[in-house]
Amino acid sequence: MKTRRFFSLFFCVLIALSLSEAALAAKDDTGDLDVEAKAALLADPETGEILYARNIHERLYPASLTKVMTTLLVLEAVDDGRLSMDQVLTASQEAIELVPADGSNAGIKIGEEMKVEDLLYCVMLVSANEGCNILAEAVSGSVDAFVEDMNERAAAIGCEDTHFVNTNGMPDVNHYTTAWDLYRITLEARKHPDFMPLAGSIYHEVPATNLSDARKLYTTNYLISTYRTDYYRYPGADGIKTGSTSDAGYCLIASATRSGRSLVSVVLGAERIKEEDGTTITKSFTETKKLFDWGFDTFSRQVILGKGESIAEVPVTLSQEVNYVKVHPAREVERLIPNNMDPALDIQRECTFVSESVEAPIQRGQVLGQITLSYGDKVYDTVNLLADSDVSASRLLVFQRDVMLFLQKPAVRYSAAGAVGLVVMIAVLRLFFRSKRRKPKSRSGARSSGYRGRRR
């Protein structure tokens, strides 16, 4: 039994403290990617695992990526019943005149009537600044109130480095966010069933309105569209939002799916360069493609802990059947890890148990400890360890245990000591009084005779 226990603990400690050469190589490989942008992030939206991070907490101008938050608040208003997708809104003078005429727009005129759904397509496909303000007035009563709601919602999501001053991302020194915060906002937006159809649409036709003929909208996200160029088209790309200003550079939040796996990227502050042949390259698209290729080629989803895997043997007391019980994980753990990592060798495992030994009775499935899975400073998961089988207790051993515990109680120990002292005292007193009642002995040399007559 002691031998089994030794090897079980040795196995857990060895794995927890060691990293193989393959693991070190994997870590080096993930650091080789160089993205040409001020900040960049690549993540698995299902698990939240960050695969690539560069300056993700640096405050930067988001440009029209701001509109993801604007769209989120509108969709939440629809969910709450404050708006409907079919509701017709009228463009106010303030909503139109608040944005510069040379900014991105959908050509919406003062007094023009459009449905909420069509306005959202204007915002997400062609980045219509005036569309954001029209929607903002409908949701919050005014653009200023809507901006306050944007900041409150960002704080509620957990964005600690974000502050908005407008609905659309027009440049302002106090209008900033980070790649990390934009990722969190995007995850929140993706929860709404209407968001990805908006963010992933290549084309939308807005019906004729009271002031305009029907208009065709084509997305500015060239990862999913070949309308203007097929140079940036990325197989599996399905959204989300572009943005650019002279201050922000070229920015892009994108998502893509390959073989059932989805990735989300954020690129901020990329450049547009001109090649020697005169071709203009927008780096927000090329760097995003680079991120996706690297993420899909370098990582794969693997089981790093099996549900039925035997982890260790925990010593058992108070049983005459067995002196140990095996434990297994409560659930399977699957994570996105580098392809050159071996989960059995490279993932650190640290086992902790409720105690050095467990008293019977034990029920199958009883929690006896935990196992923590990690790689370097990254903790993947912590899972309960469950008993493999039932273990019954011995009545005799339980009785002996209970007697010993009873005798070890301070009150019992003091009472027993007092009883022993009393017995000793009584014995001493009995001996003392017995000696007092004993008759004196006859003088030495005296002779006695049975004759009682007169002496002559």
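For residues that are surrounded by 14 or more Cβ atoms within 10 Å (Cβ to Cβ) and either among the polar types (S, T, N, Q) or part of a loop (DSSP other than H, G, I, E, B) (or both), scanning just the stretch 6-29, find the one that is modelled with the highest pLDDT. Looking at the filtered set, the residue picked out is 8.
Quick check, is residue 159 without any contact (Cβ under 8 Å) to a residue 40 or more places away in the chain and not small (Gly, Ala, Ser)? The answer is yes for residue 159. Return the only residue of 336, 291 being at pLDDT 95 or above, in contact with a strand residue (DSSP E or B) (Cβ under 9 Å, 6 or more places away or on another chain) and within 19 Å of residue 49 (Cβ to Cβ). Checking each option against the conditions leaves just 291. In the stretch 292-312, the condition of being surrounded by fewer than 20 Cβ atoms within 10 Å (Cβ to Cβ), of a type in the set (Val, Ile, Thr), more than 22 Å from the chain's Cα centre (by Cα) and at negative phi is met by no residue. Counting only residues that are in contact (Cβ under 8 Å) with a residue 40 or more places away in the chain and in a helix (DSSP H, G or I), the stretch 193-220 holds 4 of them. Of the residues in the stretch 122-130, at least one is assigned to a loop (DSSP other than H, G, I, E, B) and closer than 25 Å to residue 203 by Cβ. Can we say residue 236 is surrounded by fewer than 19 Cβ atoms within 10 Å (Cβ to Cβ) and either within 21 Å of residue 58 (Cα to Cα) or of a type in the set (Gly, Ala, Ser) (or both)? So residue 236 passes the test. Considering 94, 137, the condition of being among the acidic types (Asp, Glu), modelled with pLDDT of 95 or more and either touching a Phe, Trp or Tyr at 6+ places or on another chain (Cβ under 8 Å) or not in a helix (DSSP H, G or I) (or both) is satisfied by 137 alone. Based on what the data block shows, is residue 385 in a strand (DSSP E or B), over 24 Å from residue 397 (Cα atoms) and either in contact (Cβ under 8 Å) with a residue 12 or more places away in the chain or out of contact with any helix residue (DSSP H, G or I) (no Cβ under 8 Å at 6 or more places or on another chain) (or both)? In short, yes. Among the numbered conditions (1) part of a loop (DSSP other than H, G, I, E, B); (2) touching a Cys at 6+ places or on another chain (Cβ under 6 Å); (3) charged (D, E, K, R), the only one that residue 228 does not meet is (2). The residues on offer are 133, 105, 151, and the sole one that is of a type in the set (S, T, N, Q) and under 34 Å from the mean Cα position of the chain (by Cα) is 151.
Conditions tested, residue by residue: (1) modelled with pLDDT under 75; (2) assigned by TED's automatic domain parsing to the domain that holds residue 318; (3) in contact with a Phe, Trp or Tyr (Cβ under 6 Å, 6 or more places away or on another chain).
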{"position": "370", "(1), (2), (3)": "no, yes, no"}
{"position": "373", "(1), (2), (3)": "no, yes, yes"}
{"position": "380", "(1), (2), (3)": "no, yes, no"}
{"position": "411", "(1), (2), (3)": "yes, no, no"}
{"position": "417", "(1), (2), (3)": "yes, no, no"}
{"position": "433", "(1), (2), (3)": "yes, no, no"}
{"position": "439", "(1), (2), (3)": "yes, no, no"}
{"position": "442", "(1), (2), (3)": "yes, no, no"}
{"position": "447", "(1), (2), (3)": "yes, no, no"}
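Go through the stretch 362-377 and give me each residue that's surrounded by 13 or more Cβ atoms within 10 Å (Cβ to Cβ) and of a type outside the set (A, V, I, L, M, F, W, C). Once the filter is applied, which keeps residues that are surrounded by 13 or more Cβ atoms within 10 Å (Cβ to Cβ) and of a type outside the set (A, V, I, L, M, F, W, C), the stretch 362-377 yields 365, 366, 369, 370, 372, 374, 375. Out of all the residues in the stretch 147-173, which are surrounded by fewer than 18 Cβ atoms within 10 Å (Cβ to Cβ) and part of a loop (DSSP other than H, G, I, E, B)? Of everything in the stretch 147-173, those that are surrounded by fewer than 18 Cβ atoms within 10 Å (Cβ to Cβ) and part of a loop (DSSP other than H, G, I, E, B) turn out to be 158, 160, 161, 165, 171, 172, 173. Would you check if there is a residue in the stretch 185-192 being without any contact (Cβ under 8 Å) to a residue 60 or more places away in the chain and part of a loop (DSSP other than H, G, I, E, B)? Taking every residue of the stretch 185-192 in turn, at least one turns out to be without any contact (Cβ under 8 Å) to a residue 60 or more places away in the chain and part of a loop (DSSP other than H, G, I, E, B).
Each residue in the stretch 65-101 was checked for being surrounded by 14 or more Cβ atoms within 10 Å (Cβ to Cβ) and within 28 Å of the chain's Cα centre (by Cα), and 13 pass.
For residue 69, the conditions (1) in a helix (DSSP H, G or I); (2) over 24 Å from residue 172 (Cβ atoms) are fulfilled apart from (2). In the set (1) closer than 17 Å to residue 253 by Cα; (2) touching a strand residue (DSSP E or B) at 6+ places or on another chain (Cβ under 6 Å); (3) charged (D, E, K, R), the condition left unmet by residue 191 is number (2). Taken over the stretch 205-230, the residue count meeting the criterion of being exposed (fewer than 14 other Cβ atoms within 10 Å of the Cβ), at pLDDT 95 or above and aromatic (Phe, Trp, Tyr) is 0. Within the stretch 126-145, the residues that satisfy the criterion of being surrounded by fewer than 24 Cβ atoms within 10 Å (Cβ to Cβ) and under 19 Å from residue 176 (Cα atoms) are 143, 144, 145.
Scan the stretch 178-188 residue by residue and report those that are buried (at least 23 other Cβ atoms within 10 Å of the Cβ) and either closer than 20 Å to residue 79 by Cα or not assigned by TED's automatic domain parsing to the domain that holds residue 158 (or both). Scanning the stretch 178-188 gives 185, 186.
The values are calculated or read from the model by the stated rules, or taken from the named source; none is laboratory data. Please read all numbers here as calculations on a predicted model, not as lab measurements. FYI the Cβ positions are ideal-geometry reconstructions off the backbone, even for glycines, and counts take in every protein chain you see.
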